[in-house]
Each structure stands twice: as C-alpha cells, then as structure tokens.
Amino acid sequence: MYLIIVGAGDIGTPLIDIATAAENEVVVIERDEARADFIASEYDCLVLNADATNIDTFADAGAAKADAIISTAEHDATNVMTSLLAKEFGIPHVLSVMHNTDHRELFRRIGVQTMENPEDLIADHLYRAVERPAIKDFLRIGEDAEVFEITVTEDAELAGMSIGEAAEQSRIPEDVLFVAIDRDDCDRPITPGGDTVLQAGDLVTVYSGFGASPELTDLFGHYEDHL
C-alpha cells in the first residue's frame, strides 16, 4: 500500500512505526524540521519537510498514486485542508484525526472518515475501566450500544447453561447478542449458537444495545461493577 501520513507528532509517529513495519510504501509530510529529521533517521520512508496544505507538496508526495492518506495534524483546520487536497488528487481512502467534535459535520460533508481525538478516547477508556472493572475491553457504538469482552466466573448464573436455554428462560435481555467465545482448549474463537454451553473461564464477546450495565455483567458472575 502506498500511504501518505501527514504529521509526525504524538499520533503520527506511532502510526509511521506501524505502517513501515508492515512494509508499506510510506511518505510522511511534516512541517517541523526537527521532527522530519528524526523520522527520516529512524524509519524507512520518504519524509517531506514541507507544508501539507500546499498542492505542490502533495504532488511531490506522489498523491496521484497513493492508496490512502491519514492526516494527524494538531489542528483540525490543517486536517480539513489536507483532506480536501487528497480528494482533489483522487486518493481513494482519506482518514483524518478530528480534535474538536464540533467539526464532525464539516468532515462528513467533505466525505472524510474521522477518528476523534485519541487522547479523549484513551481518557474515556481509562475511566470506563474503573467504572466497569468486569469488562476486559470495549467498543462504543453510537450513544448507548457497546461491544465488550467479559469472563464467565465459576459461580456465574449463565455458567453451565446453553445460550438457547438462557434465552428461553429470559435470562438474556433483549438487544443482547453473544458474538464470540474464546476458550482455553480451543484453537480459535467459537461462534456461539443456541446449543453452545457457556463454561467458567470463557471470554465472551458481547453486543449490548444498552451498554454494559451492572445488571448485565451480573449474569457472568461479576458484581464488582456495583461498587
């Protein structure tokens, strides 16, 4: 993949590390000379010490043949400008960091996929880890829904019960789906069905339309979320 990365700051540098390690053809555009020099010395990629909002810079970066661009500049105005230029060059996949959620509609109008400020996402994830200690990992979907991982304890209400039985007995709330089960003695995740019996130690991936409420995590034998 021919990938252009705009910005070599706290977000861009780890991204460059991942992209080059995966043996992609990477071009980095960084306005700060010291940052540009550091990236050029550390990674196998082309580094342009230039202004990413300049059309000539995009031409020098080979934008016409790029498969994707990720803009990680520290200001949304820069990310919007680089995204517009990327559209002008016909880059198929345009992704940008969005620092201010008030700008979401602007990015949507120009057809750019966005990721909210990673620092805010990390803060939210850390708080969620304290608020819901039973959850191993989670992903928010919209305002209320979540996909999360949780372990079945030995004294869990659902332990030893098939998913079909639990559903028939109304143990599983509506708008809750079991997506996958990671079991120690299985080589790959189990795609659960009605006959699948939940066992103590299972790591279950759950979709919940109302999120990971304490009442839901109780079913897996976790009561610490009531603290």
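The values are calculated or read from the model by the stated rules, or taken from the named source; none is laboratory data. Model, not experiment: these values are computed from the prediction. Every residue, glycine among them, receives a Cβ derived from its backbone with ideal geometry; neighbour counts consider all protein chains shown. Note: accessible area is taken over every heavy atom of the protein model, side chains too, but ligands, DNA and RNA are not part of it. Shrake-Rupley method; radii C 1.70, N 1.55, O 1.52, S 1.80 Å.
Observations
- When you filter the GluC sites (Glu not before Pro) in segment 33-98 for DSSP loop state and at most 16 other Cβ atoms inside 10 Å of their Cβ, you are left with GLU74.
- For segment 45-137, with all protein chains in place and a probe radius of 1.4 Å, 53% of the accessible heavy-atom surface sits on carbon or sulfur.
- With the convex hull drawn around the C-alpha atoms of segment 76-227, the volume per residue stands at 145 Å³.
- Axis angle, to the nearest 10 degrees, between helix 118-131 and the longest C-alpha principal axis of the chain: 20 degrees.
- Segment 5-162: Cα Rg divided by the 2.2 N^0.38 Å rule of thumb: 1.29
- Segment 165-227 versus segment 1-75: alpha-carbon centroid distance in Å: 42
- Take every pair of alpha-carbon atoms less than 8 Å apart whose residues are at least six positions apart; their mean separation over the length of the chain yields a relative contact order of 15 percent.
- The trypsin sites (Lys or Arg not before Pro) of segment 12-87 include none that meets both conditions, a loop assignment by DSSP and at most 13 other Cβ atoms within 10 Å of the site Cβ.
- Using a Gaussian network model of the chain in which every pair of alpha carbons under 10 angstrom is joined by a spring, one finds that among GLN113, GLN169, GLN199 the greatest mean-square fluctuation is at GLN169.
- Computed E for LEU106/PHE38 - FRET, C-beta separation, R0 25 angstrom, nearest 0.05: 0.20
- Distance-filtered residues of segment 153-183 - backbone nitrogen under 13 Å, label point 7 angstrom along GLU224 Cα→Cβ: 153
- Estimated distance in nm for a label pair at GLU174 and ASP10, the labels positioned 7 Å out from Cα along Cα-to-Cβ: 4.4
- For the chain, the solvent-accessible area works out to 56 Å² per residue, with a probe of 1.4 Å and every protein chain left in place.
- Sorted largest first, the spans of the alpha carbon positions of segment 127-214 along the three principal axes are 33, 28, 24 Å.
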